[in-house]
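For reference, the structure discussed in these notes is given below.
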Amino acid sequence: MGSGCRKVLFPTTLPSVSGLSSVKKAVKSQRPVNLDLRTIKLPITAYTSILHRVSGVILFLGIALLLLALDTSLSSEEGFATVQAYLGSPLVKLVIWALLSALLYHLVAGIRHLIMDTGHGETLQGGKLGSKIVLVVSAVLIVLAGVWVW
Amino acid sequence: MVTNVTNFSRSGLYDWMAQRVSAVVLAVYFLFLLGYLVVNPGLDYAQWHGLFSSSWMRIFSLLALVALAVHAWVGMWTISTDYLTNMAIGKWATAVRFLFQAICGIAMFAFFVWGVQILWGF
């Protein structure tokens with residue numbers, strides 16, 4: 001963690017040891033804690049985290065569609081042609097692109113998680129930077145996926 | 001101490017590990033399939049059928065299916081315990097959450113069996 005963050009927790013203007021202990025007391029006290037997500041102003045890291053969850057739920061729902069497509073495409077020559085015909089329609093292309101987008105975002109955000117598990121990008125600044133990188137990289141991949149689908 | 005009896009392995013650490021191992025399997029499987037489709041734009045039925053007929057692809061796909069079941073369960077469980085709470089939806093939260101988790105579990109089990117049927121049924 002950078003010195004910038006330490007200053008917030010323990011400002012250099014803090015006068016004495018007794019000052020420090022009062023900070024600790026305040027942290028441990030039974031003050032009401034607001035954890036209601038609907039009333040908290042969210043930082044960028046929260047948005048990338050929630051998008052990771054939203055994309056996960058979308059993918060969970062999408063499994064049924066993908067299994068149906070796999071089932072049909074493998075069932076017979078006609079089934080394969082049916083799936084190919086469906087993939088030609090603009091609406092189906094949009095759905096495939098949406099699912100691909102969710103998958104690509106989920107993948108990129110997941111890779112960030114694995115990197116953070118190794119201890120990199122865990123600071124406040126690192127977290128914000130990581131979130132921005134996830135958004136930029138996944139946006140580029142999603143555009144490329146759109147180009148591929150159409 | 002185990003305070004929630006509905007998670008995957010009754011241990012947050014094991015859930016954490018399972019989520020990561022399954023994630024890597026799914027990432028490799030997805031990237032392989034996507035890569036295969038990208039480098040084979042003129043894919044026909046015989047080639048597609050041949051790919052999924054091979055033993056290694058069936059093993060790879062079954063592995064991905066198992067990973068998917070684990071990964072989806074841990075993920076949906078995490079989301080349900082975070083958002084379907086008394087604070088968010090009121091006093092019936094525990095019942096609603098349990099129902100939601102049951103639906104997710106049954107859906108994932110159905111996806112898994114369906115996937116096995118697809119892989120060995122054509």
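Rule-based calculations on the coordinates, nothing more; no lab input. All figures in this text were calculated on a predicted structure; none of them were measured in a lab. Every residue, glycine as well, gets a Cβ built from its backbone with ideal geometry; the counts of neighbours run over all protein chains shown.
Multiplying the sequence separation of B:Trp120 and B:Val96 by 0.36 nm and subtracting their Cα-Cα distance, what value in nm do you get?
On the way: separation 24, 0.36 × 24 = 8.64 nm, distance 3.62 nm.
This chain segment gains 5.0 nm when fully extended.
Over all directions, what mean area does the Cα convex hull of region A:43-149 project, stated in square nanometres?
Numbers: hull surface 30.1 nm².
Projected over every direction and averaged, the Cα hull of region A:43-149 covers 7.5 nm².
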ask   = Using alpha carbons only, how many degrees (0 to 90, rounded to 10) separate the axis of helix B:93-120 from the longest principal axis of chain B?
value = 10
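Starting from the Cα coordinates of the protein assembly as shown, work out the convex hull volume and express it per residue in Å³.
Working: hull volume 46.4 nm³, N = 272.
Per-residue hull volume (Cα only) is 171 Å³.
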request  = Equivalent ellipsoid semi-axes for region A:103-150, as square roots of 5 times the alpha carbon gyration tensor eigenvalues: give them largest first, rounded to whole Å.
outcome  = 25, 11, 5
query = Going by alpha carbons, how many degrees (0 to 90, nearest 10) lie between the helix axis of B:12-39 and the longest principal axis of chain B?
reply = 30
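Per residue of A:69-81, how many C-beta atoms from partner chains lie within 10 Å of its own C-beta, taken as a mean? Please report the intermediate quantities before stating the final value.
Values: counts 0, 9, 7, 1, 7, 10, 4, 3, 4, 1, 2, 6, 2.
Per residue, the average neighbour count from other chains is 4.
For chain B, report the convex hull volume of the alpha-carbon atoms normalised per residue, in Å³, without decimals. Show your work: numbers first, answer last.
On the way: hull volume 15.0 nm³, N = 122.
Each residue corresponds to 123 Å³ of Cα convex hull volume.
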key: Among A:Thr39, B:Val74, A:Gly110 the positive-end extreme of the charge dipole of the protein assembly as shown (Cβ point charges)   = A:Thr39
task = Report, as an integer, the average count of C-beta atoms from other chains found within 10 Å of each Cβ along B:107-119.
result = 3
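I'd like to compare A:52-61, A:136-145: which one has the highest average count of other Cβ atoms within 10 Å, and what's the full order after that? Before the final figure, lay out each step's value.
Working: A:52-61: 17.8, A:136-145: 15.6.
Those peptides, ordered most packed to least, come out A:52-61, A:136-145.
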